[in-house]
Amino acid sequence: MSRISIAPMVDITDRHFRYFCRILTKKSILYTEMITSSAIIHGDRNKLLDFHPFEKPLALQIAGCDKEEIAEAVKIAEDWDYDEINLNVGCPSDRVSGNQMGAVLMAYPELVAEIVQAMKRETRKPVTVKHRIGIDGTNILPDSLPRVVFDKYEDLEHFVKVLSEAGVSHFIIHARIAILEGLSPKENREIPPLRYEEVYRIKERFPELFIEINGGIKTIESIREHLKHVDGAMLGRIAYENPFMLTEVDQFVEGGEVNNISRREIIEKLMDYVELFGKDQKMGYHALKNTLGLFHNKRGSRIWRQLLTPPWEDGIYAKDVLKKALETLPEEVLDERPIAY
């Protein structure tokens, strides 16, 4: 059985974007933004963890490095009934790595194994790990490890072996190394070359594990090709840049099929959703801001983006904006449906 998921993305995969995605795809697994264990323990838990039941199945992604703190965060999150808890071992941000979280943890597979075991003691939900194929770090790690180059296939295989022995059976692998100094997170998504073959090798080496591939996947054809080698595919920025593509991905999941929905119907469903925010322009804008790509490469895309972009006139709210879109945008694009295979 294959799986399609939408990657956790900071400032994108909030509850509004996840609701939008669920209109498009019924079978994909959605993810929260990365949330630190410290934020869950000390922050506004309802703001961080609340979600609409419509979003499920939904995974919570946690970042941290202290196994006791992460375990406490997992225990707290149990009250929200997420379908999966995911540990972030892939974020290349200097800020994250500088706090010994994210991709830097790949240098310490035994520590990650201990973290996973602590997490598993606090939940019966599946605990998964998202990571890179390796890291290259300078002056980020402790003085005892002033530079780590952990980017050979053998390093990746060792990492997966240690974690599998700790009870991890599902790995989501971004097929690039993370360069921990000198590159922005955006550059880390583009500059290190994709090495899909190494992820395929991991599946060959550990056929009993569920291996999901991530990184640079932008077309239905590429999903189909990856699923010849691995068990799942995680989509990243393409879900934001061209979300209408998500209407086609359920065909790869058992019991799923292409979602026969038009952009007009999507907008009508969004109208029902934004009614929750009534005459609150700010909340209405936030509910729609990550839907800008709905008309990607289609006639009317510029109009759609202009309508959604503030400032909105006084007395104009999210539902009014969507109603105007239905009145203004080209009918043939509004009524277009995804390709059924």
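The values are calculated or read from the model by the stated rules, or taken from the named source; none is laboratory data. As the structure is a computational prediction, the values presented were derived from the model and not from experiment. Quick reminder, even Gly has a Cβ in these numbers, built from the backbone with ideal geometry, and neighbours come from all protein chains shown.
Below are the figures for this structure:
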{"quantity": "Test: residue in segment 89-108 that is in the same structural domain as residue 158 (by TED's automatic domain parsing), modelled with pLDDT of 95 or more and either closer than 11 Å to residue 37 by Cα or of a type in the set (A, V, I, L, M) (or both)", "calculated": "yes"}
{"quantity": "Members of segment 24-39 found to be more than 10 Å from the chain's Cα centre (by Cα) and either part of a strand (DSSP E or B) or buried (at least 23 other Cβ atoms within 10 Å of the Cβ) (or both), listed by number", "calculated": "24, 25, 28, 35, 36, 37"}
{"quantity": "Long-range neighbours under 6 Å by Cβ, at least six apart or interchain, first residue polar (S, T, N, Q) within segment 218-245, second outside any loop (DSSP other than H, G, I, E, B) and surrounded by fewer than 22 Cβ atoms within 10 Å (Cβ to Cβ)", "calculated": "242/293"}
{"quantity": "Pairs where the first residue, in segment 1-17, is farther than 15 Å from residue 292 by Cβ and touching a residue at least 60 places away in the same chain (Cβ under 8 Å) and the second is outside any loop (DSSP other than H, G, I, E, B) and among the β-branched types (Val, Ile, Thr), C-beta under 8 Å, 6+ apart", "calculated": "3/29; 4/29; 4/223; 4/249; 5/29; 5/172; 6/29"}
{"quantity": "Residue match in segment 259-270 (condition: within 21 Å of the chain's Cα centre (by Cα) and of a type outside the set (A, V, I, L, M, F, W, C))", "calculated": "yes"}
{"quantity": "The one condition in (1) β-branched (Val, Ile, Thr); (2) surrounded by fewer than 20 Cβ atoms within 10 Å (Cβ to Cβ); (3) in contact with a Phe, Trp or Tyr (Cβ under 8 Å, 6 or more places away or on another chain) that residue 149 fails to fulfil", "calculated": "(3)"}
{"quantity": "Counted residues, segment 313-341 - those being of a type in the set (Val, Ile, Thr), without any contact (Cβ under 8 Å) to a residue 60 or more places away in the chain and either assigned to a loop (DSSP other than H, G, I, E, B) or crowded, with 18+ Cβ neighbours inside 10 Å (or both)", "calculated": "2"}
{"quantity": "Residue check, residue 55 under 29 Å from residue 293 (Cβ atoms), more than 11 Å from the chain's Cα centre (by Cα) and not aliphatic (A, V, I, L, M)", "calculated": "yes"}
{"quantity": "Of the criteria (1) within 18 Å of residue 14 (Cβ to Cβ); (2) crowded, with 16+ Cβ neighbours inside 10 Å; (3) not aliphatic (A, V, I, L, M), which one residue 310 fails", "calculated": "(2)"}
